[in-house]
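Report on the following structure.
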């Protein structure tokens with residue numbers, strides 16, 4: 001080696017050395033970072049960790065944003081701080097997490113504890129004081145940083161069944177304090193014992209020459225178990241050169257029989273990765289994209305969740321591998337191609353399904369069968385009266401003789417022809433036509449603005465008792481819209497049958513397991529009232545004892561007052577007032593004695 005060669009070699013080595021160090025640092029960080037929170041958080045309950053739901057589990061209209069921890073069907077179990085920090089927020093409401101507590105930790109994360117029965121005594125006293133001060137049972141109470149420091153393992157609350165919970169359990173979340181993004185708690189050190197692979201219950205294919213909202217899934221029979229599946233038929237024959245796949249899949253841990261959602265899935269075509277998703281983190285602004293990640297129409301009609309192994313054009317959920325693809329399979333010949341689907345849980349247990357697929361229609365492959373091109377789709381000649389072409393990324397205005405609808409550019413996930421129809425009202429309580437806004441089996445991502453024209457004269461007092469009603473399958477949604485001349489305006493986030501409705505029926509107020517003149521013993525802790533309205537939720541509920549406001553906790557249609565210093569021993573008058581969305585008011589006085 002010459003002197004010049006030696007010098008060049010030394011120069012090259014000096015240049016490479018920093019790159020080698022950088023590579024090693026990146027490798028160490030990549031190894032350490034996912035494990036950095038291992039041991040940082042403890043289980044918030046003093047019992048073996050059993051999950052009733054995992055992060056990202058499929059729910060109606062949203063992904064599950066935390067994990068549900070079993071409490072053995074009991075309420076009142078002590079809940080402990082998962083790590084050092086300070087209690088930064090208390091939340092009390094009838095929906096969602098019900099009674100919830102938030103702890104901010106030094107590492108920049110926040111843990112959330114939901115569906116609580118109650119807080120510790122000092123926090124309960126603080127919440128009660130605030131409720132009386134604001135005369136509101138619902139609370140969103142921020143605590144100053146450092147005002148309520150807690151150590152890892154300190155008792156902070158007791159488990160319950162409040163809010164949208166259907167059975168006793170503890171809901172637990174981990175959030176990034178700076179971004180507000182929810183992190184998968186099972187990737188933050190909170191892991192249940194699990195040696196079982198996910199289960200694939202069903203495989204489906206879609207003809208992607210057309211919208212996923214205008215064509216239905218074709219089921220493919222499969223067989224297998226214990227992490228290995230295959231199609232019953234040797235080859236999947238399809239008559240389209242453009243197809244996508246969907247799976248019905250679940251997962252469960254070794255310590256729980258509950259069927260949860262899968263953590264990640266990937267799709268391979270002829271050994272090339274063409275689609276992948278992973279549920280590592282989600283934000284509240286992203287969670288509604290679940291309606292684009294599933295076959296929404298199938299779920300709406302049958303309650304079965306089928307997850308797309310493809311990305312619809314309007315789906316911008318940050319769960320997909322950018323290096324993969326949109327998952328649409330292009331069959332450009334009539335040869336047999338290999339498919340491999342892999343699903344996995346956070347512990348690395350995985351399941352694979354293998355199959356072979358072939359386009360059985362040579363004419364489709366050669367292009368003799370026309371595809372539904374976007375240009376043709378946009379052509380108004382394709383649609384008859386009452387149909388409007390809708391596309392992802394494009395705002396849509398739809399005007400009928402008695403309604404106006406305004407959809408944003410992010411409203412729809414796939415292209416489809418929006419059909420609407422207006423029918424005359426058949427009931428005097430409906431002061432507008434019945435407006436059919438397409439089909440409720442097509443999801444809407446965000447809220448859309450709608451106006452409906454009334455037949456009521458401006459002088460009619462019934463306008464003050466008129467609401468907008470949207471019927472979506474078996475559900476109905478009521479809104480007290482705003483009037484502008486003869487039009488009532490409101491917003492909804494689902495399609496269905498829309499109409500104006502005159503509501504003059506007041507809510508009902510009924511005592512639960514007690515009656516007027518009741519004598520409550522010293523051991524009696526509370527009294528409950530059932531409040532119902534014929535159209536749905538109650539807009540306002542108020543309870544007063546001897547003319548003074550008292551807090552009634554809400555769970556569905558049940559309102560419960562826990563006796564406190566505002567209700568000492570003696571005779572009392574309880575005055576209840578309930579107002580529905582239309583403004584109808586019910587007032588009732590009930591007398592009772594506390595011993």
| For residue 446, which of the numbered conditions (1) under 27 Å from residue 214 (Cβ atoms); (2) assigned to a strand (DSSP E or B) fails to hold? | (2)
| residue 503, sole failed condition from (1) within 30 Å of the chain's Cα centre (by Cα); (2) closer than 30 Å to residue 449 by Cβ; (3) crowded, with 16+ Cβ neighbours inside 10 Å | (1)
| query | What number goes with the only condition from (1) farther than 22 Å from residue 558 by Cβ; (2) surrounded by fewer than 17 Cβ atoms within 10 Å (Cβ to Cβ); (3) touching a residue at least 24 places away in the same chain (Cβ under 8 Å); (4) not assigned by TED's automatic domain parsing to the domain that holds residue 561 that residue 494 does not pass? | reply | (2)
| remark: residue 257: passes all of (1) without any contact (Cβ under 8 Å) to a residue 12 or more places away in the chain; (2) assigned to a helix (DSSP H, G or I) but (2)
| note | Counted residues in the stretch 206-224 being farther than 17 Å from residue 364 by Cβ, within 28 Å of the chain's Cα centre (by Cα) and surrounded by fewer than 21 Cβ atoms within 10 Å (Cβ to Cβ) come to 3
| said: Kindly evaluate residue 246 against the criterion of being in a strand (DSSP E or B) and in contact (Cβ under 8 Å) with a residue 60 or more places away in the chain. | reply: yes
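Name the residues in the stretch 113-135 that are in contact with a helix residue (DSSP H, G or I) (Cβ under 7 Å, 6 or more places away or on another chain) and farther than 17 Å from residue 561 by Cβ, would you? Give the steps one after another, and end with the answer.
Filtering the stretch 113-135 for residues in contact with a helix residue (DSSP H, G or I) (Cβ under 7 Å, 6 or more places away or on another chain) gives 118-119.
Listed by number, the list holds a single entry, 119.
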| request: Considering only the stretch 43-87, state which residues are assigned to a strand (DSSP E or B), surrounded by fewer than 18 Cβ atoms within 10 Å (Cβ to Cβ) and out of contact with any helix residue (DSSP H, G or I) (no Cβ under 9 Å at 6 or more places or on another chain). | output: 78
| query | Out of (1) crowded, with 18+ Cβ neighbours inside 10 Å; (2) outside the structural domain of residue 347 (by TED's automatic domain parsing); (3) at pLDDT 95 or above; (4) touching a strand residue (DSSP E or B) at 6+ places or on another chain (Cβ under 6 Å), what's the single condition that is false for residue 203? | reply | (2)
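Any idea which of 535, 509 is in a strand (DSSP E or B) and crowded, with 16+ Cβ neighbours inside 10 Å? Walk me through it before giving the result.
On the way: 535 fails: in a strand (DSSP E or B).
509 is the lone residue from the list that is in a strand (DSSP E or B) and crowded, with 16+ Cβ neighbours inside 10 Å.
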| said: Checking the conditions here, which among 432, 489 is over 30 Å from residue 393 (Cβ atoms), surrounded by 14 or more Cβ atoms within 10 Å (Cβ to Cβ) and in contact with a strand residue (DSSP E or B) (Cβ under 6 Å, 6 or more places away or on another chain)? | reply: 432
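The values are calculated or read from the model by the stated rules, or taken from the named source; none is laboratory data. Values in this document were obtained by computation on a predicted structure and should not be read as measured data. We place every Cβ from the backbone using ideal geometry, glycine too, and count neighbours over all the protein chains shown.
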